[in-house]
1. Inside region 203-299, counting only strands (runs of 3 or more DSSP E) that do not spill past its ends, which hold 3 or more residues that are modelled with pLDDT of 95 or more?
2. So residue 394 clears everything in (1) within 16 Å of the ligand (Cβ to nearest atom); (2) closer than 25 Å to residue 288 by Cα; (3) buried (at least 19 other Cβ atoms within 10 Å of the Cβ) except one condition, right? Which one?
3. Out of the residues in region 29-56 that are open to solvent by 10 Å² or more (accessible area, probe 1.4 Å) and part of a strand (DSSP E or B), which is farthest from residue 116 (Cα to Cα)?
4. When residue 89 is evaluated against the numbered criteria (1) in contact (Cβ under 8 Å) with a residue 60 or more places away in the chain; (2) more than 17 Å from residue 27 (Cβ to Cβ), which criterion, by number, is the only one it fails?
5. Name the pairs: first residue in region 338-364 and of a type in the set (Lys, Arg), second residue within 11 Å of the ligand (Cβ to nearest atom), Cβ to Cβ under 6 Å, at least 6 apart or on different chains?
6. Going by the structure shown, is residue 345 farther than 25 Å from residue 26 by Cβ and either open to solvent by 70 Å² or more (accessible area, probe 1.4 Å) or modelled with pLDDT under 95 (or both)?
7. Any idea which residue in region 342-382 is nearest to the ligand (Cβ to nearest atom), counting only those that are under 15 Å from residue 397 (Cα atoms) and assigned to a strand (DSSP E or B)?
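The values are calculated or read from the model by the stated rules, or taken from the named source; none is laboratory data. The shown structure was predicted, so the numbers you read here are calculated from the model rather than taken from an experiment. Glycine also receives a Cβ, built like all others from the backbone with ideal geometry; neighbour counts cover every protein chain displayed. These accessible areas exclude ligands, DNA and RNA; they are computed on the full protein's heavy atoms, side chains included. Shrake-Rupley method; radii C 1.70, N 1.55, O 1.52, S 1.80 Å.
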Amino acid sequence: MTARPAARVRADACPGALQTHAAADGALARVRVPGGLLTGDRLRALAAAARELGDGALELTSRGNVQLRGLADGAGTELGERLAAAGLLPSAPHERVRNVLASALTGRVGGHLDVRPWVRALDAGICADPALTALPGRYLATLDDGRGDVAGLGGDVGLLALPAAEVALTLAGTDSGLRVHPDHAVPVALAATRAFLDERAAQGGTAWRLGELDDGPRRVVERISSTGERHLVGVDRSRGPEAPRPGHGQRLGTTGGRHVAAVSPGGRRCDDGLVALVAVVPLGRLAAEQADLLAGLADEVQLTPWRSVVVPDLPDDSAAARLTDAGLVLDPGSAWSRVTACAGRPGCAKSLADVRADAARAVVGGTLPAGGARQHWAGCERRCGRPRGEVVDVVATGTGYRVGWS
Ligand code: SF4
């Protein structure tokens, strides 16, 4: 049995768009982007806010969200007004709890179904329920169309499409054994989310994640089942629990548990004959000018948890050169696709180094440690933003960097 973390003694303090964090380089705002899905207009609005109120760039997070840094004192009010006008703040009281990951390229190529309608319905369901404002800012939902790319990313509640119009409910990253029809999947995910809060209240404390509760997944299943959740279409515990592999994803309930890689950069021919480009954003910092370029290419882009951007619905791949010229990376073999970094200096007062500058120098100079393996650079042992899965840690010590697997 996996050891449970010590009980939380305080509520989480995850930043939001309105509840900003005081960083060393000014206020930091985190804007939730359910499913990573952004219309061109919304991306333009974010780019303008970064340019006019922040440090000129958008930071992509490991949950497909966006951060603005370096906000001046008093800029928070204007930022909130701009986000609301752009439709990026549908419910101010829920702004920190709309953490929803969706399969990259869903509805375009691969997967058993298009989970974008799930994204919209789940987000609307969260925002419509005042009780769900009590969710922690770290609570995460994963909506996986069956390709297995986000099911393994540690969601508290997750939907994983299976063949034959069936969906698995995952809880704390493991298969709950519950199956539901796709049309009823979102109400079940919302029921599981409410059950998390009910179980947390029953156990006391301020758990931030479902996995922190005593026997959390099983008790959530019991709560859903005991309320007579009418959408459940069968409980098949013979298939699970079967944990998805972090960072890669695993199909639950299918034979073989085939592993699939997270979306890699480059171009994809989609089912409708159009092309989707996947571009890595080096170290997750998307300059406002780069964001404007992306917004001009497609009506909707998708941010991924791997600090990349999907630009879909293109007639061909001729835009690839423009993205590359702008500093985005489409080469699947590029070292940029294997390197992530925390904010480091000067943005974080805890940092012992300017890790982004050091990591960038190592990429450009071809001197990445560990033979250039997938790695995360951090300014201290907290290792913020570390991707899940097998990653080499490159941690500042004050006198250099400690390199090692953990
Ligand atoms: S890992 Fe440490 S240095 Fe980096 S952002 Fe987090 S707290 Fe700051």
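1. It comes to 275-280, 285-287.
2. (2)
3. This residue is 30.
4. Every listed condition holds for residue 89 apart from (2).
5. 345/351; 345/354; 350/380; 356/341; 356/344
6. In short, no.
7. Only one residue tops the list, namely 378.
Matching residues to (1) under 15 Å from the mean Cα position of the chain (by Cα); (2) open to solvent by 10 Å² or more (accessible area, probe 1.4 Å):
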position: 146; (1), (2): no, no
position: 154; (1), (2): yes, yes
position: 157; (1), (2): yes, no
position: 160; (1), (2): no, no
position: 164; (1), (2): no, yes
position: 167; (1), (2): no, no
position: 177; (1), (2): no, no
